[in-house]
Amino acid sequence: MAGPGFLAVVNASAGTADDNAVEAALGVLRRAGDPVESAATHSVEELDRALDALDGRRLVVLGGDGSLHAAVQCLHTKGRLRDAGPLGLVPLGTGNDLAGTLGIPPDPEQAAAIVLAGRPRPIELLVADDGGIAVNAVHVGIGVAAVQKGASAKKAFGRVKLGKLGYAAGAIAAGATEKGWHLEVTVDGRVIHSGEDPVLMAALALGGTIGGGARLVPEADPHDGQVDVIVWEAVSLPARIAYALELRDGNHAKRKDVMAGRGTAVVISGTRGPFSTIDDGEIHGPYTRRSWTVEPDAWQIIVPQ
């Protein structure tokens with residue numbers, strides 16, 4: 001007798017999920033014998049309606065960090081995240097950073113097979129004071145500028161899909177031009193940066209990578225109930241280049257112009273003006289102050305055995 005089945009959600013407005021990859025993943029799910037319904041959503045409202053019809057089925061998100069973020073945000077806002085059961089993830093986005101941290105492969109058929117045969121594992125959630133969430137990371141500063149400039153680069157190339165090159169183009173442009181932001185950053189009440197000197201970036205990480213693979217906090221563990229915080233002071237252009245090279249290998253945290261902390265509560269305040277944030281790829285703000293707390297074991301995701 002067939003079970004409740006699966007609801008596979010695809011963000012149709014993202015433009016990154018390849019139709020062949022989607023069909024390959026759905027084919028694996030269908031071979032399990034349980035009913036599979038796919039829902040291509042174009043807006044948060046459509047996603048919300050699709051999730052209202054979950055009705056005991058296993059939710060499978062086909063997309064990247066942003067798509068997973070949107071689904072988790074909808075369920076969290078309605079107080080249904082814990083009751084939704086373990087979520088499956090087939091990483092079809094531009095930046096599949098949380099999937100990489102969890103060991104979920106980028107191949108759609110292999111990822112779908114893990115949805116069927118993997119194990120549920122509790123995972124933490126970063127929750128802001130305004131109700132916003134993050135499943136992988138939050139950036140302040142150059143991360144926001146990089147995404148904005150990367151989007152401009154993608155538009156400049158028209159129909160050409162830049163993918164991760166869009167991140168790279170934005171990061172290079174932002175790293176060369178931005179002067180920095182004055183941010184006070186506290187972790188569990190301890191000030192790790194006063195805001196007197198400008199910083200180029202502050203980031204809160206549950207997963208180990210950002211931006212499609214940059215190793216921001218390689219040792220970050222999304223199951224340990226804590227968030228890792230990195231603050232990078234605005235420095236000379238040569239130092240920025242050196243930082244970027246060390247970021248690729250995950251050695252940047254050893255630099256003297258990098259401050260780090262780990263805890264369960266983070267507050268960022270703009271001491272000389274507002275700032276915006278990027279929550280799993282989505283820009284929010286501006287804010288003069290924003291705080292986050294970690295909710296351990298807030299939801300479950302299916303990971304490899």
Checklist line | Filter result for the condition that a residue is modelled with pLDDT of 95 or more and closer than 19 Å to GLY212 by Cβ, over ALA99, ALA128 | finding: ALA99
Check: Counting only residues that are at pLDDT below 95 and in a helix (DSSP H, G or I), how many does the stretch 22-43 have?
Finding: 0
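Quickly run through the stretch 252-281 and pick out the residues that are over 21 Å from the mean Cα position of the chain (by Cα), at pLDDT below 95 and open to solvent by 30 Å² or more (accessible area, probe 1.4 Å). Can you show your working first?
Let us first name the residues in the stretch 252-281 that are over 21 Å from the mean Cα position of the chain (by Cα), namely 254-259, 269-274.
Narrowing the set further to residues that are at pLDDT below 95 leaves 254-259.
Answer for the stretch 252-281, where residues must be over 21 Å from the mean Cα position of the chain (by Cα), at pLDDT below 95 and open to solvent by 30 Å² or more (accessible area, probe 1.4 Å): LYS254, ARG255, LYS256, MET259.
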Next item on the list: Given the conditions (1) open to solvent by 20 Å² or more (accessible area, probe 1.4 Å); (2) farther than 22 Å from ARG289 by Cβ, report the number of the one that LEU216 does not fulfil.
Entry: (1)
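With respect to THR77, determine if the residue is at pLDDT 95 or above, in contact with a Gly (Cβ under 8 Å, 6 or more places away or on another chain), surrounded by fewer than 20 Cβ atoms within 10 Å (Cβ to Cβ) and closer than 22 Å to VAL138 by Cβ.
Details: at pLDDT 95 or above: yes; in contact with a Gly (Cβ under 8 Å, 6 or more places away or on another chain): yes; surrounded by fewer than 20 Cβ atoms within 10 Å (Cβ to Cβ): yes; closer than 22 Å to VAL138 by Cβ: yes.
Here the answer is yes, as THR77 does meet what is asked.
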Next item on the list: Among the numbered conditions (1) under 19 Å from GLN300 (Cα atoms); (2) open to solvent by less than 60 Å² (accessible area, probe 1.4 Å), tell me where PRO4 comes up short.
Entry: (2)
Next item on the list: Could you please give the count of residues in the stretch 40-62 that are surrounded by fewer than 17 Cβ atoms within 10 Å (Cβ to Cβ) and not acidic (Asp, Glu)?
Entry: 7
Checklist line | Selected residue [open to solvent by 40 Å² or more (accessible area, probe 1.4 Å) and more than 23 Å from the chain's Cα centre (by Cα)] from GLY33, GLY27 | finding: GLY33
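The values are calculated or read from the model by the stated rules, or taken from the named source; none is laboratory data. Everything numeric in this text was worked out from a predicted model, so none of it was measured. Ideal geometry is used to build each Cβ from the backbone, glycine not excepted, and the neighbour counts take in all protein chains shown. Accessible surface is based on the protein model in full, side chains and every heavy atom, while ligands, DNA and RNA are left aside. Shrake-Rupley method; radii C 1.70, N 1.55, O 1.52, S 1.80 Å.
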